[in-house]
Amino acid sequence: MLIVAPVLWFCLEALVASRFRPPYSYAHNYISDLGVPDPGTFEGRAMDSPLAGVANFMFVSQGILFLLAALLLTRAVPPSPSRRAFRLLAIGYAVGYALIATFHGSEQAAANGTAKFHVLGGAIAAICGNGALIVAGSHLRKTHGHRIFGLFTASAGVVGILALVLLLIDRSSSSFNLLPDGVWERGGCYPILIWEFVTGALVLMIARQRRAGEPQHN
């Protein structure tokens, strides 16, 4: 699940972006622009995404796969406040992406008042997803044999939160325009995807090593 989720994301994101009109910009467009089903213009961005349904499936599947993987991973961890917090944040992450896929950042959504639920979903997904990594990383750093991976995990979450803070500053200030909004948004989203892939690969590697060390029975 941890490996499938980011691979599926990047493949579907590229597919939907290839059909987006006008040509999709990974730097200037928001990721959720891909999921807007109705052509139009919103906040100065023209959007026509024929494969919007595929993008919204991408959002929902990411949240569900992350949540299922989190629940399975934490089965091997003794009960603790960190485990409980990680699970709750994983639930929040899945709920956030469900809201993003259901309510869109579009002209129509702004007119009918549902755009606020899209913004809420984005905030929940971003805070909970990166928060989950920070909680897990802080716990792992205290565990013998997992300190380096714990540092990597916590750092990924911190990078994500920092990118989102800079996005908010960029949007609210005319004097701060270091990078386009799409870059900041991806800085808040992609670290989670990278963490998923690395963690999934490590889990598979450890499992293979343990199986190789087991006695062979005829």
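Note on region 11-58 and region 66-122: Cα centroid distance 21 Å, given to the nearest whole angstrom. Working note: Karplus 6.51/-1.76/1.60 with θ = phi - 60° gives region 5-15 the couplings 4, x, 5, 4, 4, 5, 5, 5, 4, 5, 4 Hz, where Gly and Pro are set to x. Helix 81-102 and the long axis of the chain differ in direction by around 30°, with both axes built from C-alpha atoms. Taking only protein heavy atoms and a 1.4 Å probe, the accessible area of the chain is 69% carbon and sulfur.
Once the Cα atoms are used to define both axes, helix 52-73 deviates from the longest principal axis of the chain by about 20 degrees. Close amide-amide hydrogen proximity is noted between residue 25 and no other residue 5 or more places distant or on a separate chain, at a cut-off under 5 Å (H modeled in the peptide plane; Pro and chain starts excluded).
The chymotrypsin sites (Phe, Trp or Tyr not before Pro) found in region 141-205 that occupy coil by DSSP, while having at most 16 further C-beta atoms within 10 Å, are 176.
What is the Å³ per residue value for the convex hull set by the Cα atoms of region 128-195? Per residue, the Cα convex hull of region 128-195 comes to 73 Å³.
Using 0.36 nm times the number of residues separating residue 212 and residue 162, minus their current alpha carbon distance, what extension gain do you get?
Stretched fully, the residue 212-residue 162 segment lengthens by 13.9 nm.
Can you give the accessible area per residue of the chain, in Å², using a 1.4 Å probe?
Numbers: 11590 Å² over 218 residues.
Per residue, the chain has 53 Å² of solvent-accessible surface.
What order do you get for 125-137, 105-117 when each peptide is scored by the mean count of other beta carbon atoms within 10 Å, highest first? Present the calculation step by step, with values, prior to reporting the outcome.
Numbers: 125-137: 23.7, 105-117: 15.6.
Listed from highest to lowest mean packing, they are 125-137, 105-117.
Scanning residues 5 or more positions from residue 42 or on other chains, those with amide H under 5 Å from its amide H are 47, with H placed 1.01 Å from N in the peptide plane. Length available on full extension from residue 117 to residue 141: 0.36 nm per residue minus the Cα-Cα distance, which gives 5.1 nm. One equal scatterer on each Cα of region 76-159, no solvent, Debye formula: the resulting log10 I(q)/I(0) at q = 0.16 Å⁻¹ is -0.64.
Computed from Cα atoms, the angle from the helix 181-213 axis to the main principal axis of the chain rounds to 20 degrees.
Simple rule: put +1 on each Lys or Arg Cβ and -1 on each Asp or Glu Cβ in the chain, find the dipole, and look at 52, 96, 192; the Cα lying farthest toward the positive end is 192.
Translational diffusion of region 1-56 was estimated from the Stokes-Einstein equation, with Rh taken as the Kirkwood radius over Cα pairs; at 10 °C and 1.306 mPa s the coefficient is 139 µm²/s. When only the Cβ of Lys, Arg, Asp and Glu is charged (+1, +1, -1, -1), the dipole of region 1-141 relative to its Cα centre reaches about 660 debye.
The values are calculated or read from the model by the stated rules, or taken from the named source; none is laboratory data. Bear in mind the structure is a predicted one, so any value in this text is a computation, not a measurement. Note: ideal-geometry Cβ built from the backbone for every residue, glycine included; neighbour counts use all protein chains shown. The protein model used for the area step is the full one, side chains on, heavy atoms only, and it has no ligands, DNA or RNA in it. Shrake-Rupley method; radii C 1.70, N 1.55, O 1.52, S 1.80 Å.
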